[in-house]
Amino acid sequence: MTPARLRETGRFQHLPSREAHASEPASLQELLTLLDPGSRYAKPLRPCGARSAATDCHTSSMGTTISTARLNRIVNIDHSAMTVTANSGVRLDTLNRVLAEDGLELVGSHEVVGRSLGGAVSAPCFGPSIGDSGAYLSSHVSSIKLALSNGRVLNVTPEQKNLLGAVRMSYGLLGVVVEATLKIRPATVFHADHRRVTIDDFANAAGALADSAVGLQFYLMPHKDRAYLDIRRFSSKDSKGIKALWAIKDWGESTVLPRVCSSLHKVVPIRGMRFGLIDSISAVAHDMVNSRFVAQGSNATSESGKYRAIGPGKIRFSTWCFPATDFGVVLPAYRDFCRQTYEEHGYRCDLPAIGYRVARDSSALLSPSFDETMIALQTMSTQEKGWEDFVIDLAEFAEHWGGTPMFNLTRSASVDHARNVYGARRDMFNKIRRQLDPDNRLLNPFLAQYFL
Ligand SMILES: Cc1cc2nc3c(=O)[nH]c(=O)nc-3n(C[C@H](O)[C@H](O)[C@H](O)COP(=O)(O)OP(=O)(O)OC[C@H]3O[C@@H](n4cnc5c(N)ncnc54)[C@H](O)[C@@H]3O)c2cc1C
């Protein structure tokens, strides 16, 4: 199938897509009735959680969306097995809070805490996790209850390793995750080392950072030739840091900065002056918050993305993963790409890009870091006009540099490239998909491009 890559040249108008029928089952029985092939609900049937994905993976303009919002019970915290079992509609911040009350936490470090457990298990969910064991939230899932498209329940157990590997990050293509059991651990403390560097300095250090099992989060300002690094290591100190300071950092980065940038577009008409101001404000904000301000933290105190506008139409983003070993070369190329695109087309992102080190992890068939450690680079902007053109150019850039797309986070990835990247793993996934959903009732047109 030829990939549809439409440019927003302004010559064509987007017709608003037809609204999907929205359903919100309140119990497993209601969900199974809805999925039953004899039900009155139009296909495709698309499960959705907090709808924070950047693509159409969670929508279905012709069919039915199945929100898990009302399936939101924490079923059990098992202190001896060190696991938590929860419904898929539970939000990660709720889970974090309840675990923290018992001195426990989810394994790893996961951004955008407003997302649902089901969405985080069914897609690559990563953040600045320390260490090399289990880069994604789904890596720590030991069993899953799945509602299938034939209206039946499938319990996937730890013994069914291959099936579990397929269900993790399955984008709702194998069934609706109803409940998941995840490993937990006693709450940990980390030390965050903050550095402000040029992009070339970051590029020189990228190889060493990729090789060391640190938690790495960074912010890139390509037009200012600047990077802010947040390098995390476990700490033996008792202090978990002050939650209010982390909350201020998160609020500044994910609410104040986007709003200020968005407003400046309305009040400062001269482009050069506007972006000069935007970059200066971003730099001052990051100088302040990515400093000793928040040197000590824990998963509970450092929850981030809480204030990030969740849902379509707020902050626009597209994320690609690049092999960590090449990232030292990709970084300056990305800076040059952003500058060149701005010069030629007049579009640039107004927010710093965010990135993470994502350790090699083959626990899911569709893991983007299945073969090697990757660096995820998330380009973000509040500006709609020109964004779709920009993400097409970004996709061409990323594909040239061997980028791996993710079906919930990457916009405009070409079908051929995605198929090549996931290759035999996609074929194996599809075999399982055809067994569990033989009539493609869960497949919407967006996902069909990549999986049919
Ligand atoms: C501003 C912004 C920044 C972001 N930054 C990051 C980031 O740094 N790191 C990161 O990992 N993600 C990030 N995300 C992406 C987002 O949080 C993930 O896509 C998330 O995992 C999706 O969770 P959700 O509940 O919103 O799921 P949705 O977006 O609703 O769905 C995502 C996918 O999961 C499927 N799904 C949802 N629930 C179920 C279920 N119960 N059973 C089966 N399938 C299901 C959907 O069909 C869809 O394919 C960001 C999002 C935003 C808006």
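The values are calculated or read from the model by the stated rules, or taken from the named source; none is laboratory data. The structure presented is a predicted model; accordingly, all values stated were derived computationally and were not measured. So basically every Cβ, Gly included, is an ideal-geometry build from the backbone, and we count neighbours across all protein chains shown.
So how many residues does the stretch 389-427 have that are of a type in the set (D, E, K, R), in contact with a His (Cβ under 9 Å, 6 or more places away or on another chain) and touching a residue at least 40 places away in the same chain (Cβ under 8 Å)? Residues that pass the stated criteria total 2. Residues that are touching a residue at least 24 places away in the same chain (Cβ under 8 Å) and in contact with a Lys or Arg (Cβ under 9 Å, 6 or more places away or on another chain) occur at least once in the stretch 236-248. Checked against the criterion of being under 18 Å from the mean Cα position of the chain (by Cα), under 23 Å from L146 (Cβ atoms) and either surrounded by 16 or more Cβ atoms within 10 Å (Cβ to Cβ) or at pLDDT 95 or above (or both), the candidates N408, N444 yield just one match: N408.
Does the stretch 388-399 contain at least one residue that is surrounded by 18 or more Cβ atoms within 10 Å (Cβ to Cβ) and not in a helix (DSSP H, G or I)? No, the stretch 388-399 has no match at all. Of the listed requirements (1) farther than 26 Å from W251 by Cβ; (2) more than 11 Å from the ligand (Cβ to nearest atom), L106 misses just one: (1). Is it true that some residue in the stretch 416-425 is in a loop (DSSP other than H, G, I, E, B) and either within 21 Å of V153 (Cβ to Cβ) or not polar (S, T, N, Q) (or both)? Within the stretch 416-425, not a single residue is in a loop (DSSP other than H, G, I, E, B) and either within 21 Å of V153 (Cβ to Cβ) or not polar (S, T, N, Q) (or both).
Annotation note: of A213, A192, A203, A247, the sole residue that is crowded, with 20+ Cβ neighbours inside 10 Å, away from the ligand (no atom under 16 Å from the Cβ) and farther than 25 Å from Q340 by Cα is A192. All of (1) more than 16 Å from the ligand (Cβ to nearest atom); (2) in contact with a Pro (Cβ under 6 Å, 6 or more places away or on another chain); (3) among the aromatic types (F, W, Y) hold for F293 with one exception: (2).
Tally up the residues in the stretch 113-139 that are over 21 Å from E179 (Cβ atoms) and either near the ligand (Cβ under 8 Å from one of its atoms) or surrounded by fewer than 24 Cβ atoms within 10 Å (Cβ to Cβ) (or both), please.
Final tally of qualifying residues: 6.
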